[in-house]
1. May I ask you to say which residue of 3, 13 is surrounded by fewer than 14 Cβ atoms within 10 Å (Cβ to Cβ), closer than 21 Å to residue 109 by Cβ and in contact with a Ser or Thr (Cβ under 7 Å, 6 or more places away or on another chain)?
2. Anything in the stretch 110-123 that is open to solvent by less than 40 Å² (accessible area, probe 1.4 Å), out of contact with any Cys (no Cβ under 6 Å at 6 or more places or on another chain) and either closer than 26 Å to residue 54 by Cβ or in a loop (DSSP other than H, G, I, E, B) (or both)? List them, or say none.
3. Out of everything in the stretch 85-108 that is over 14 Å from the mean Cα position of the chain (by Cα) and over 18 Å from residue 19 (Cα atoms), what residue ends up being surrounded by the fewest Cβ atoms within 10 Å (Cβ to Cβ)?
4. Taking the condition within 21 Å of residue 4 (Cα to Cα), of a type in the set (Gly, Ala, Ser) and open to solvent by less than 20 Å² (accessible area, probe 1.4 Å), does residue 79 pass?
5. When you scan the stretch 8-26, do you find a residue that is within 13 Å of residue 78 (Cα to Cα) and over 15 Å from the mean Cα position of the chain (by Cα), even just one?
6. Identify, from the list 35, 61, the residue that is buried (at least 22 other Cβ atoms within 10 Å of the Cβ) and touching a residue at least 12 places away in the same chain (Cβ under 8 Å).
Amino acid sequence: QVQLVESGGGLVQAGGSLRLSCAASGRTFSSYVMAWFRQAPGKEREFVAHISRTGGSTVYADSLKGRFTISRDNAKNAAYLLMNSLKPEDTAVYYCAADRFRTSSTAGNYDYWGQGTQVTVSS
């Protein structure tokens, strides 16, 4: 089992950048696929990106390619989401998620979730 805690959210102006962190408990972090999702008010949870166990493979939502970068540091039990050129429509609660078995863009396939961190982009 793994516990996840996100941090790094906040208020930023449009065009700015933020780096979110996801700290994981446990000694088997490297055995988990990691992902980021986001949820804006009144909307469904949306896939952002996922990364393989070694970090060698990443997949992004088409609309976010080129602006967001997912990474991980297995030695630090952490995953990250670097967000550049932020837009007001990126405003949402951002969640990290983990799964033992497969990468997926479907939220329901992830067994472990953090509590989320709020990102607000002002125009």
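The values are calculated or read from the model by the stated rules, or taken from the named source; none is laboratory data. Model, not experiment: these values are computed from the prediction. Reconstructed Cβ throughout: ideal geometry from the backbone, glycine too, with neighbour counts over all protein chains shown. Surface areas here come from the heavy atoms of the whole protein model, side chains and all, with no ligands, DNA or RNA. Shrake-Rupley method; radii C 1.70, N 1.55, O 1.52, S 1.80 Å.
1. Exactly one of 3, 13 is surrounded by fewer than 14 Cβ atoms within 10 Å (Cβ to Cβ), closer than 21 Å to residue 109 by Cβ and in contact with a Ser or Thr (Cβ under 7 Å, 6 or more places away or on another chain), namely 3.
2. Answer for the stretch 110-123, where residues must be open to solvent by less than 40 Å² (accessible area, probe 1.4 Å), out of contact with any Cys (no Cβ under 6 Å at 6 or more places or on another chain) and either closer than 26 Å to residue 54 by Cβ or in a loop (DSSP other than H, G, I, E, B) (or both): 110, 116, 117.
3. Here the answer is 108.
4. Taking the combined requirement at face value, the residue satisfies it.
5. Yes - at least one qualifying residue is present in the stretch 8-26.
6. Within the list 35, 61, the selection yields 35.
This table checks each residue for (1) open to solvent by 20 Å² or more (accessible area, probe 1.4 Å); (2) touching a residue at least 60 places away in the same chain (Cβ under 8 Å); (3) under 14 Å from residue 96 (Cβ atoms); (4) out of contact with any strand residue (DSSP E or B) (no Cβ under 9 Å at 6 or more places or on another chain).
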| site | (1), (2), (3), (4) |
| --- | --- |
| 7 | yes, yes, yes, no |
| 30 | yes, no, no, no |
| 54 | yes, no, no, no |
| 67 | yes, no, no, no |
| 72 | yes, no, yes, no |
| 83 | no, yes, yes, no |
